[in-house]
4 protein chains.
Amino acid sequence: MAESFWRTAISKVEPNKILVHGYDLTGLVGKYTYADLTYLLWRGELPTSDESSMMDTLLTVCLEHSLNSPSVDATVFVASSGVPLQTAVSAGVSAMGDWHGGAVEDAAKLLQEGIKRLRDKNLSPEKVADEILRSHQESHKRIPGYGHPTHTNDPRTKRLLEIAKETHFHSDHVHLALAIEALTKKFYGKPLILNVDGCIAAVMSDMGFDWRLGKGFFIVSRTPGLVAHAYEQMYFDKPYKAAAWEQITYTGRAERKIPDRT
Amino acid sequence: MAESFWRTAISKVEPNKILVHGYDLTGLVGKYTYADLTYLLWRGELPTSDESSMMDTLLTVCLEHSLNSPSVDATVFVASSGVPLQTAVSAGVSAMGDWHGGAVEDAAKLLQEGIKRLRDKNLSPEKVADEILRSHQESHKRIPGYGHPTHTNDPRTKRLLEIAKETHFHSDHVHLALAIEALTKKFYGKPLILNVDGCIAAVMSDMGFDWRLGKGFFIVSRTPGLVAHAYEQMYFDKPYKAAAWEQITYTGRAERKIPDRT
Amino acid sequence: MAESFWRTAISKVEPNKILVHGYDLTGLVGKYTYADLTYLLWRGELPTSDESSMMDTLLTVCLEHSLNSPSVDATVFVASSGVPLQTAVSAGVSAMGDWHGGAVEDAAKLLQEGIKRLRDKNLSPEKVADEILRSHQESHKRIPGYGHPTHTNDPRTKRLLEIAKETHFHSDHVHLALAIEALTKKFYGKPLILNVDGCIAAVMSDMGFDWRLGKGFFIVSRTPGLVAHAYEQMYFDKPYKAAAWEQITYTGRAERKIPDRT
Amino acid sequence: MAESFWRTAISKVEPNKILVHGYDLTGLVGKYTYADLTYLLWRGELPTSDESSMMDTLLTVCLEHSLNSPSVDATVFVASSGVPLQTAVSAGVSAMGDWHGGAVEDAAKLLQEGIKRLRDKNLSPEKVADEILRSHQESHKRIPGYGHPTHTNDPRTKRLLEIAKETHFHSDHVHLALAIEALTKKFYGKPLILNVDGCIAAVMSDMGFDWRLGKGFFIVSRTPGLVAHAYEQMYFDKPYKAAAWEQITYTGRAERKIPDRT
């Protein structure tokens, strides 16, 4: 059979009916929450009660970080320039790169590969944590999901771990993440805290999520805030936000004469 | 006092503490849902129980529409070209324009202005509906929020109205929206259904939301699906999705000789 | 005949051959410049010698404006967050809205409609200029293409007008643009200069361009600079650029107790 | 001295004056072309006559590839959804990822590292080419810049090499690129052509460009075409382009009953 150009396993639309992974969308509404349906879209199944609570927590725990984040800053500059709301939000989403939310994906990959090794070779979490930190140190790579420029003791991590315990997702990946945290002082001279990105990574891994969906949690989590900041900038602030010329330090060549064309 | 370059009323970050409209984020997590916190971000207050249910419904009722939407199609092309997940999602969000989700904003504006006239001049919903349809017909403008290319009887609208009744947001704006629907046959010769965009617009207006947040509902609603489609394209399909040259109909000039430069 | 889903008059691809508006792309390269081929893409014809010079000027005169522009600022924040080069450039392009480059489109529309009225009703430029300023003043709308937050005497406008004279595109639309400038003092109490956006709008109109391509000039013009700024931020600056929490003025609600769910 | 938050070496703005790498922008206009000024923005110096010709060639040789490219396809879907021109162009730029234009960057990196090894160890191009192909084969990685899904004998490559000879940029990196091409048959069983991305990579390397600017050539090159396609879709085609529901193959779960919440 010829392959179809348009093909998806996620959902089906026909007149007056929309199926999401086999479930009628209209029947789900009012019965399952936004977090549940996000779970369904990403996993193909509806969540259990514990999964539902944990999913909602993962999507709210890093909800908002004010203008102290590149994505919100990108959004307000774009929002100030006379564009529709979604354009400003889109720019913010595009900023959720390796250094901004990307640690969820990177840390989840690290932890999932670590737990695979732990299970395949019957190792302790401490042993795997030591290997991970050692290899990062040797290759001069930052360990994703640890340390924070603003928070010395990230309160979001603590809350996330409490709910993970209540919902029974405080398991192997979380243990490994904490084993790494405990060893950071040995490797870096000072302790590096497990930050909210690293903790989301550990919990989503204990829930069975593919690490490649890691950024999805951050994107969905921050989108309502991007809408709020775009709205505030568009309707309650002045247009055309830009660094004033007097604020800008020019570090380039001094003025010079334009040569004739050769 | 000099105005600050960086200024917001939405949230405050300081070491180990994040406030959202005055509430400690960590304290909200596990107690209030994603829909609740979206409400908080956009309104500045936490929702009541009815508002909470209605908000969740507004954010799930148009969750997903498969590849039958420009935003998902844009996402899959971008996702196929070797980019990070968030870049593909960002392109999808940017497509939520006037003809794709924008009807929520446009219809909410129309209904809010209509209800203002109704109250100011003590008019009936039928009278305002008639005025609205007449002015759109005279200026050859489409009425936003009515009719659908695929659904002849949008099941999402029916479900939304049920929950609006249960939560007591089936009020003036919804009545006006239905009064317009009832009159479409008179103006257009055939009935135009109130579609899900128009119905979201009516209910969010009865909840007291500013029409300028209309696109926000659509953006947040569709973002988990954009993540799912980007993920599917990136990891379960072939790279470099593009129209094949044989599929493309060229309607331009036949081949011609390149002239010498004048 | 059934309409094709994929259809374009711009170019044709087949194995080992690419036609652009009927011309073989490979034959054009080395004979016609980037500005010429942009002209071809947008007009469907190759430019004359005068059109070629003028086109290049329109694409270079507002080349770069440092960090004193929302698009560059959006680009550097996105570039700092660990994304590929094109993602940062894309965010910058998305910021070229109504208040940032959009004046080219708006001013070109205004001038083209003005010249149509002038010709239809045999009016003087001064009369049309007066009508335009009057109607903007009455509806409290800003006149696009006039005034500049940084430049009191935009040197780019002067240079553009010189080249427009040399290439014979200093015609009706430019005259109208200058007639408006001359009258701004009468309407606003102080003179508003014709800025570079307004001047590009006038000259592109005298070249016969559709006003709806106005933003195209600005986009193409600024893209090499966005690449340069993204490159500088990515490889010669620190990652994760964001407003520091100490810099941010929070204007929202003071901390308050989280209520129990109702 | 405290570091400045806003800092750049590229350009300086002050009232009525703009410097680009030390040159007055207004003085450059009409004397240097768009390609020249792009060279200046990216290198910090004005080009010689040969560099100017070569630069223009690099920016035009892959100008346009119709709807047979993910970036143009993304642009038309976004353009169809009721957004401003720049939003649709922005989505197209965001699609210029690793599999779509990214080969310029990857191939330039490969060639620059190869020439470094060649010079450091005094190797022949053939030896380095053999090493490169061998290592790619062993790690099952595609060699960037070779082969093309549509063109069996890319005419753009031939034209580019002619102009590189004329302008004296047919040097070490081009020789290495051709040495790799000559050996592809030995490694892959069938010859893989040097495609236009690989050839741009080789020539830009012989001009002394940093490989990390590779995507910049592709971005600037394709932007005028994205503008043209967005304009065509917005004003000469129907709104809301999306796959029709009948065209979509749903490969997911069959309809199933919605379970009660656990």
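The values are calculated or read from the model by the stated rules, or taken from the named source; none is laboratory data. Bear in mind the structure is a predicted one, so any value in this text is a computation, not a measurement. Quick reminder, even Gly has a Cβ in these numbers, built from the backbone with ideal geometry, and neighbours come from all protein chains shown.
Take residue D:143 and decide whether it is among the hydrophobic types (A, V, I, L, M, F, W, C) and either within 30 Å of residue D:235 (Cα to Cα) or not in a helix (DSSP H, G or I) (or both). Before the answer, list the steps.
Details: among the hydrophobic types (A, V, I, L, M, F, W, C): yes; either within 30 Å of residue D:235 (Cα to Cα) or not in a helix (DSSP H, G or I) (or both): yes.
Spelling it out, residue D:143 is indeed among the hydrophobic types (A, V, I, L, M, F, W, C) and either within 30 Å of residue D:235 (Cα to Cα) or not in a helix (DSSP H, G or I) (or both).
Regarding residue D:165, is this residue out of contact with any helix residue (DSSP H, G or I) (no Cβ under 8 Å at 6 or more places or on another chain), more than 14 Å from chain C (Cβ to nearest Cβ) and without any contact (Cβ under 8 Å) to a residue 40 or more places away in the chain? Explain how you work it out, then say what you get.
Numbers: out of contact with any helix residue (DSSP H, G or I) (no Cβ under 8 Å at 6 or more places or on another chain): yes; more than 14 Å from chain C (Cβ to nearest Cβ): no; without any contact (Cβ under 8 Å) to a residue 40 or more places away in the chain: yes.
Considered against the rule, which asks whether it is out of contact with any helix residue (DSSP H, G or I) (no Cβ under 8 Å at 6 or more places or on another chain), more than 14 Å from chain C (Cβ to nearest Cβ) and without any contact (Cβ under 8 Å) to a residue 40 or more places away in the chain, residue D:165 comes out as no.
Under 9 Å between Cβ atoms, which residue pairs at least 6 apart in sequence (or on different chains) link something in region A:97-120 that is over 26 Å from residue C:81 (Cβ atoms) and at pLDDT 95 or above with a partner that is crowded, with 24+ Cβ neighbours inside 10 Å and among the hydroxyl-bearing types (Ser, Thr, Tyr)?
Filtered contacts from region A:97-120: A:115/A:205.
Only one of these is small (Gly, Ala, Ser) and outside any loop (DSSP other than H, G, I, E, B): B:208, B:214. Name it.
Working: B:208 fails: outside any loop (DSSP other than H, G, I, E, B).
One residue alone meets the criteria, B:214.
Against the definition (within 14 Å of chain C (Cβ to nearest Cβ) and of a type outside the set (A, V, I, L, M)), how does residue B:184 come out, yes or no?
On the way: within 14 Å of chain C (Cβ to nearest Cβ): no; of a type outside the set (A, V, I, L, M): yes.
Taking the combined requirement at face value, the residue does not satisfy it.
What is the number of the single condition among (1) within 14 Å of chain C (Cβ to nearest Cβ); (2) closer than 30 Å to residue A:211 by Cβ that residue B:260 does not meet?
(2)
Assess whether residue D:4 counts as being part of a loop (DSSP other than H, G, I, E, B), hydroxyl-bearing (Ser, Thr, Tyr) and modelled with pLDDT under 95.
Considered against the rule, which asks whether it is part of a loop (DSSP other than H, G, I, E, B), hydroxyl-bearing (Ser, Thr, Tyr) and modelled with pLDDT under 95, residue D:4 comes out as yes.
Return yes when residue C:12 is within 7 Å of another protein chain (Cβ to nearest Cβ), of a type in the set (Lys, Arg), over 20 Å from residue C:218 (Cα atoms) and buried (at least 24 other Cβ atoms within 10 Å of the Cβ) and no when it is not.
On the way: within 7 Å of another protein chain (Cβ to nearest Cβ): yes; of a type in the set (Lys, Arg): yes; over 20 Å from residue C:218 (Cα atoms): yes; buried (at least 24 other Cβ atoms within 10 Å of the Cβ): yes.
Yes.
Within region B:74-102, track down each residue that is in a loop (DSSP other than H, G, I, E, B) and either touching a Leu at 6+ places or on another chain (Cβ under 9 Å) or among the charged types (D, E, K, R) (or both).
Pass one, region B:74-102, residues in a loop (DSSP other than H, G, I, E, B): B:80-84, B:95-101.
Listed by number, the residues that qualify are B:96, B:98.
State whether the residues of region A:131-138 include one that is within 12 Å of another protein chain (Cβ to nearest Cβ) and assigned to a helix (DSSP H, G or I). Reasoning before the result, please.
Step one: list which residues in region A:131-138 are within 12 Å of another protein chain (Cβ to nearest Cβ), which gives none.
There is no residue in region A:131-138 that is within 12 Å of another protein chain (Cβ to nearest Cβ) and assigned to a helix (DSSP H, G or I).
From the residues in region C:223-244 that are of a type in the set (Gly, Ala, Ser) and more than 8 Å from chain D (Cβ to nearest Cβ), which one is surrounded by the most Cβ atoms within 10 Å (Cβ to Cβ)?
Selected residue: C:230.
Return the residues of region D:74-85 that are within 7 Å of chain B (Cβ to nearest Cβ) and either among the β-branched types (Val, Ile, Thr) or closer than 12 Å to residue D:100 by Cα (or both); say none if nothing qualifies. Quick ask: steps written out before the conclusion?
Looking only at region D:74-85, we keep the residues that are within 7 Å of chain B (Cβ to nearest Cβ), and these are D:74, D:77-78, D:80-83.
Residues satisfying the conditions are D:78, D:83.
Pick from region A:56-109 the residues that are surrounded by fewer than 24 Cβ atoms within 10 Å (Cβ to Cβ) and of a type in the set (Gly, Ala, Ser): which of them is nearest to residue C:246 (Cα to Cα)?
Across region A:56-109, the extreme among qualifying residues is A:102.
Looking for whichever is buried (at least 19 other Cβ atoms within 10 Å of the Cβ) and either more than 30 Å from residue D:138 (Cα to Cα) or of a type outside the set (S, T, N, Q) (or both) here; the options are D:198, D:189. Which one fits? Spell out the reasoning first.
On the way: D:189 fails: buried (at least 19 other Cβ atoms within 10 Å of the Cβ).
It is D:198.
Confirm whether residue C:205 is more than 17 Å from the chain's Cα centre (by Cα) and either more than 26 Å from residue A:82 (Cβ to Cβ) or of a type outside the set (A, V, I, L, M, F, W, C) (or both).
On the way: more than 17 Å from the chain's Cα centre (by Cα): no; either more than 26 Å from residue A:82 (Cβ to Cβ) or of a type outside the set (A, V, I, L, M, F, W, C) (or both): yes.
No: the conditions fail for residue C:205.
Can you tell me which residues in region D:45-64 are assigned to a loop (DSSP other than H, G, I, E, B), at the interface with another protein chain (Cβ under 7 Å from one of its Cβ atoms) and over 17 Å from the mean Cα position of the chain (by Cα)?
Within region D:45-64, the first condition is being assigned to a loop (DSSP other than H, G, I, E, B), and the residues that meet it are D:45-48, D:61-64.
Of the ones still in play, those that are also at the interface with another protein chain (Cβ under 7 Å from one of its Cβ atoms) are D:46, D:48, D:61, D:63-64.
Within region D:45-64, D:46, D:48 qualify.
Looking at region D:156-163, is at least one residue in contact with a strand residue (DSSP E or B) (Cβ under 6 Å, 6 or more places away or on another chain) and either over 30 Å from residue C:83 (Cα atoms) or modelled with pLDDT under 95 (or both)?
So the first thing to find is which residues in region D:156-163 are in contact with a strand residue (DSSP E or B) (Cβ under 6 Å, 6 or more places away or on another chain), and the list is D:157, D:159.
Of the ones still in play, those that are also either over 30 Å from residue C:83 (Cα atoms) or modelled with pLDDT under 95 (or both) are D:159.
The answer is yes, given that some residue of region D:156-163 is in contact with a strand residue (DSSP E or B) (Cβ under 6 Å, 6 or more places away or on another chain) and either over 30 Å from residue C:83 (Cα atoms) or modelled with pLDDT under 95 (or both).
So is residue D:85 modelled with pLDDT of 95 or more and over 30 Å from residue A:82 (Cα atoms) or not?
On the way: modelled with pLDDT of 95 or more: yes; over 30 Å from residue A:82 (Cα atoms): no.
It is false that residue D:85 is modelled with pLDDT of 95 or more and over 30 Å from residue A:82 (Cα atoms).
Of all residues in region A:188-205, which are part of a helix (DSSP H, G or I) and either of a type in the set (Val, Ile, Thr) or modelled with pLDDT of 95 or more (or both)?
As a first pass, look at region A:188-205 and keep what is part of a helix (DSSP H, G or I): A:188, A:196-205.
Of everything in region A:188-205, those that are part of a helix (DSSP H, G or I) and either of a type in the set (Val, Ile, Thr) or modelled with pLDDT of 95 or more (or both) turn out to be A:196, A:197, A:198, A:199, A:200, A:201, A:202, A:203, A:204, A:205.
Name the one entry in B:179, B:108 that is part of a helix (DSSP H, G or I), of a type in the set (Gly, Ala, Ser), over 17 Å from the mean Cα position of the chain (by Cα) and over 30 Å from residue D:70 (Cβ atoms). I'd like the intermediate steps shown before the answer.
On the way: B:108 fails: over 17 Å from the mean Cα position of the chain (by Cα).
Step by step, each of B:179, B:108 is checked, and only B:179 is part of a helix (DSSP H, G or I), of a type in the set (Gly, Ala, Ser), over 17 Å from the mean Cα position of the chain (by Cα) and over 30 Å from residue D:70 (Cβ atoms).
Limited to region D:147-158, what total is found for residues that are crowded, with 22+ Cβ neighbours inside 10 Å and not in a loop (DSSP other than H, G, I, E, B)? Can you show your working first?
Going through region D:147-158, the residues crowded, with 22+ Cβ neighbours inside 10 Å turn out to be D:154, D:156-157.
With not in a loop (DSSP other than H, G, I, E, B) added as a condition, the list becomes D:156-157.
So the count comes out to 2.
In region C:159-169, what residues are part of a loop (DSSP other than H, G, I, E, B) and buried (at least 20 other Cβ atoms within 10 Å of the Cβ)? Working first, answer last.
Start the filter on region C:159-169 by keeping residues that are part of a loop (DSSP other than H, G, I, E, B), which leaves C:167-169.
Within region C:159-169, C:167, C:169 meet the criteria.
Take residue D:88 and tell me if it is hydrophobic (A, V, I, L, M, F, W, C) and facing chain B (nearest Cβ under 7 Å). Quick ask: steps written out before the conclusion?
Numbers: hydrophobic (A, V, I, L, M, F, W, C): yes; facing chain B (nearest Cβ under 7 Å): no.
When the stated conditions are applied, residue D:88 does not pass them.
When the residues of region D:245-257 are filtered to those that are part of a loop (DSSP other than H, G, I, E, B) and exposed (fewer than 15 other Cβ atoms within 10 Å of the Cβ), which remaining residue is farthest from the other protein chains (Cβ to nearest Cβ)? Lay out the reasoning, then the answer.
Filtering region D:245-257 down to residues part of a loop (DSSP other than H, G, I, E, B) leaves D:248, D:251-257.
Subset that is exposed (fewer than 15 other Cβ atoms within 10 Å of the Cβ): D:251, D:254-257.
On the way: D:251: 5, D:254: 6, D:255: 6, D:256: 4, D:257: 8 Å.
Going through the qualifying residues, I end up with D:257.
I'm trying to understand the selection: among the residues of region A:174-186, which are closer than 21 Å to residue A:109 by Cα, surrounded by fewer than 24 Cβ atoms within 10 Å (Cβ to Cβ) and either out of contact with any strand residue (DSSP E or B) (no Cβ under 8 Å at 6 or more places or on another chain) or of a type in the set (S, T, N, Q) (or both)? Write out each step before concluding.
Taking region A:174-186 and keeping what is closer than 21 Å to residue A:109 by Cα, we get A:174-184.
Checking the rest, the ones that are also surrounded by fewer than 24 Cβ atoms within 10 Å (Cβ to Cβ) come to A:174-175, A:178-179, A:181-184.
Residues satisfying the conditions are A:174, A:175, A:179, A:182, A:183, A:184.
So how many residues does region A:29-44 have that are part of a helix (DSSP H, G or I) and free of Cβ contacts under 8 Å to residues at least 60 places away in the same chain?
Total meeting the criteria: 7.
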